[in-house]
Amino acid sequence: MVRAMRTLLFVLVGLSWAACTRETAKPAGGEPAKIVSVPPPMTLVQSGIVPAWLDKAADPCKDFFAYACGGFTKTAVIPPDRSSWGAVPMVVKEAEEFQKQVLEQAAAKPGNDPVTQKIGAYYAACMDEAAIEKAGIAPIQPLLDQVKTVKDAKSAAQVIAFLHSESVYPFFNISPVQDFVDATQVIAGLDQSGLGLPERKYYLQNTDTIPKTRKVYQAHQVRMFQLLGLDEKAAGVAAANAYKVETAIAKLQQDDVTRRDPHAIYHRVDRAGLEKDVAAFPWGDYLAEQTIPAVTAITVNDPKYYVGIVKMLASEKPAVLQDYLTWTVLRDSASDLSKAWVDEAFAMDKELNGLKELPPRWRRCVHHVDSELGELLAQSYVKAKFAGNAKVSATDLTKAVLGAMRGELDALPWMDDATRGPAKQKLDKMAYLVGYPDKWKKYEFTISKSDFAANVRAATKWELARQLAKIGKPVDRFDWQMTPPTVNAYYDSSLNELVLPAGQLQPPFYGPTFHPAVNFGDTGGGTIGHEMTHGFDDQGSQFDADGNLRDWWSKSTKANFKTATKCIQDQYSKYEPVPGVHLDGKLTSGENIADNGGVKLAYEAYKKWRAEQKTPVQKMVEGFTDDQLYYLGYAQSWCMKMTPESLTTRAHSDPHSPAEFRVNGVVVNQPGFAAAFSCKAGSPMAPAKNCSVW
Ligand SMILES: [Zn+2]
């Protein structure tokens, strides 16, 4: 993830709609949201609920996740090449299979269309395992050769600059960021980087499964150096050196909880400040190597970090630095090299995500094309999967949920008027992009049908240049940070913008003919409401309507907000997804606030929408009330089974709670839930004490 402040959900149009599709929440007035025409009598399947996923023997008031998803979790088998199985991975799989067909056809019959030619050639080269096998380690040899030139701190700095210009990021990274305090400016941002394990705690803590994972990682490092040609003893020494440097870096780094505070990761030191406080590093040469020699506006996550890194470059033996830098190159590229490397890289996927089998080559190549030529590959996807009135109805749903937030801001008892004004202004200025971009990226670089490594390098270089060229230019509010087939969504605090890719607006999450209650519960609450609430979670609330980091809260309202947030943090800290591993309430608080707020606000939006309909909405579907459908729609979007390894890794490093708690942790706080399922007060899903932020 390039941008520090991006907050992800979890995890369109006919091309003829040429009009600008970035809208803001400010109400245009008049027209009630259309969503869909009032449905005819429908069955449960038609409503968007999957009957087979329910477990009617479970008590919804005791364990709603078991009730909504028990039929699924009891029988589902996680495919050996995936870390989870459920609603989200199913939609991902469908997109992958669609893209596979498109790419196979494009590779076989490129024709005269430049888009088809490009994606076809990229895919064909990626699938050419014989050529990749033959190339061996040649694609990264120039990088490894450079690493060998490290003989002191100065040459180490040169090599770091070179690797960064190749998108390999030992020690730290550089990217364009919107200045936190002046969101009209794009400046350079330096951030910590360079660890192979998911978070610094993996190097420093001795709790639960962490020491075991560390051991697996160290053995993997040794084998990677052996693949490079070192004998067992030499590989052991090199791996130990690389691990030693990583541990030293980990000690200097900020942990994920600290990094949730935007003030902790924003320090506008500028080039002058870096040149003064971290004088030993050749910043001028470094920026020149990144092709941005004139850049002076720079923010860093933590000034102390760079002082520490430069000290390390001066004090550590050159041979040790070389081993660490070599390791970074190997780790970064192994999965794109020949089979022995791919298999070895997979060892860590097994350990951290619980995969039993390497995903088939075609899937890995689909991901490559999505990642490197995403907006070309997306074009056929949106034509096939997001046509008709999908965009219009998803936009109406968005408007309805934003409208509910406006109502909530008017009524919130814990917010005083001094804060209410700027909060409403922030909501009115919140923009949303739905489905896919109006203008596709062009990807202006040469693509070979037979040289996969050259393609990856060209694509990486092109994207890096495109990103760094943003520095010093006006902010582009239409540059999507996810590709349209992505099954996800995001809110960007600096842009005050939420983005809903077409991939997320698919069945079983969303269907233009589903019962509106299901669409409101799932996409309205789980996606749109969730992302919108990120604008007001523990992080997002620190940015104002224009995306500037500015304290717009009165003292007393802020204190109330903190108390409400703490309630959510304490609630989720009690959950234990794997025996012995508790959720981190602070790490997950933004996502949990977003889940809770999203489902509550979309329910308000649904009730209002329902009241406005001239033709009454179908109230019962096979014995379920529409209110029940609402909560079931939300819950079933999280029907999911994960490998224990993946659950553990996520508990340690993912700001999102696991599926079960995204359901049960949310419904216990919903004012409408107990009534919908006639839960007795005090039952597990209708506790006496609950939490509410938004
Ligand atoms: Zn989120």
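The values are calculated or read from the model by the stated rules, or taken from the named source; none is laboratory data. Keep in mind it's a predicted model, so treat the numbers as computed, not measured. Please note: Cβ atoms are built from the backbone with ideal geometry, for glycine as well, and neighbour counts cover all protein chains shown. The protein model used for the area step is the full one, side chains on, heavy atoms only, and it has no ligands, DNA or RNA in it. Shrake-Rupley method; radii C 1.70, N 1.55, O 1.52, S 1.80 Å.
Can you find even one residue in the range 563-580 that is over 30 Å from residue 645 (Cβ atoms) and either within 16 Å of the ligand (Cβ to nearest atom) or among the β-branched types (Val, Ile, Thr) (or both)? Outline the logic, then answer.
From the range 563-580, those over 30 Å from residue 645 (Cβ atoms) are 563-567; that's our starting set.
Add one more test, that the residue is either within 16 Å of the ligand (Cβ to nearest atom) or among the β-branched types (Val, Ile, Thr) (or both), and what stays is 563, 565.
Within the range 563-580, one or more residues are over 30 Å from residue 645 (Cβ atoms) and either within 16 Å of the ligand (Cβ to nearest atom) or among the β-branched types (Val, Ile, Thr) (or both).
Of all the residues that make up the range 654-694, how many are among the hydroxyl-bearing types (Ser, Thr, Tyr) and open to solvent by less than 30 Å² (accessible area, probe 1.4 Å)? Outline the logic, then answer.
Within the range 654-694, the first condition is being among the hydroxyl-bearing types (Ser, Thr, Tyr), and the residues that meet it are 657, 678, 683, 692.
Those left that are additionally open to solvent by less than 30 Å² (accessible area, probe 1.4 Å): 657, 683.
So the count comes out to 2.
Identify, from the list 456, 475, the residue that is at pLDDT below 95, closer than 26 Å to residue 188 by Cα and among the aliphatic types (A, V, I, L, M). Spell out how you get there, then give the answer.
Details: 456 fails: at pLDDT below 95.
The match here is 475.
So which residues in the range 213-269 are assigned to a helix (DSSP H, G or I), of a type in the set (S, T, N, Q), within 24 Å of the chain's Cα centre (by Cα) and within 22 Å of residue 332 (Cβ to Cβ), if there are any at all?
Residues of the range 213-269 assigned to a helix (DSSP H, G or I): 213-227, 232-252, 258-260, 262-265.
Retained after the next criterion (residues that are of a type in the set (S, T, N, Q)): 213, 218, 221, 226, 241, 247, 258.
Right, trim to within 24 Å of the chain's Cα centre (by Cα) and you get 213, 258.
213 - this is the single residue of the range 213-269 that is assigned to a helix (DSSP H, G or I), of a type in the set (S, T, N, Q), within 24 Å of the chain's Cα centre (by Cα) and within 22 Å of residue 332 (Cβ to Cβ).
If I ask for residues that are of a type in the set (D, E, K, R) and closer than 27 Å to residue 351 by Cβ, which ones from the range 82-104 would you list?
Just the residues of the range 82-104 that are of a type in the set (D, E, K, R), to begin with: 82, 93-94, 96-97, 100, 104.
82, 93, 96, listed by residue number.
Being buried (at least 21 other Cβ atoms within 10 Å of the Cβ) and either touching a strand residue (DSSP E or B) at 6+ places or on another chain (Cβ under 8 Å) or within 30 Å of residue 347 (Cβ to Cβ) (or both) is the filter here, so list the residues in the range 48-81 that pass it.
Answer for the range 48-81, where residues must be buried (at least 21 other Cβ atoms within 10 Å of the Cβ) and either touching a strand residue (DSSP E or B) at 6+ places or on another chain (Cβ under 8 Å) or within 30 Å of residue 347 (Cβ to Cβ) (or both): 49, 69.
Condition check: surrounded by fewer than 19 Cβ atoms within 10 Å (Cβ to Cβ), small (Gly, Ala, Ser) and modelled with pLDDT under 95. Does residue 540 satisfy that?
Considered against the rule, which asks whether it is surrounded by fewer than 19 Cβ atoms within 10 Å (Cβ to Cβ), small (Gly, Ala, Ser) and modelled with pLDDT under 95, residue 540 comes out as no.
Could you identify the single residue in 141, 105 that is over 25 Å from residue 377 (Cα atoms), open to solvent by 40 Å² or more (accessible area, probe 1.4 Å), at pLDDT 95 or above and among the polar types (S, T, N, Q)?
Values: 105 fails: over 25 Å from residue 377 (Cα atoms).
The conditions single out 141.
Answer yes if at least one residue in the range 434-452 is over 21 Å from residue 494 (Cβ atoms), in a helix (DSSP H, G or I) and open to solvent by less than 30 Å² (accessible area, probe 1.4 Å), and no otherwise.
The answer is yes; a qualifying residue exists.
Mind checking which residues of the range 165-186 are closer than 27 Å to residue 550 by Cβ, among the hydroxyl-bearing types (Ser, Thr, Tyr) and not in a loop (DSSP other than H, G, I, E, B)?
Hit for the range 165-186 is 175, nothing else.
Return only the number of the condition from (1) in contact with a strand residue (DSSP E or B) (Cβ under 8 Å, 6 or more places away or on another chain); (2) at pLDDT below 90 that residue 395 does not satisfy.
Here residue 395 meets the rest and fails (2).
For the range 476-505, name all the residues that are among the β-branched types (Val, Ile, Thr) and either within 16 Å of the ligand (Cβ to nearest atom) or in contact with a strand residue (DSSP E or B) (Cβ under 6 Å, 6 or more places away or on another chain) (or both). Talk me through it step by step, then tell me what you get.
Step one: list which residues in the range 476-505 are among the β-branched types (Val, Ile, Thr), which gives 483, 486-487, 499.
Those that are among the β-branched types (Val, Ile, Thr) and either within 16 Å of the ligand (Cβ to nearest atom) or in contact with a strand residue (DSSP E or B) (Cβ under 6 Å, 6 or more places away or on another chain) (or both): 486, 487, 499.
Results for (1) within 16 Å of the ligand (Cβ to nearest atom); (2) of a type in the set (Val, Ile, Thr); (3) over 22 Å from residue 597 (Cα atoms), shown as yes or no for each residue.
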| residue | (1), (2), (3) |
| --- | --- |
| 636 | no, no, no |
| 648 | no, yes, yes |
| 655 | yes, no, no |
| 662 | yes, no, no |
| 679 | no, no, no |
| 684 | no, no, no |
| 690 | no, no, no |
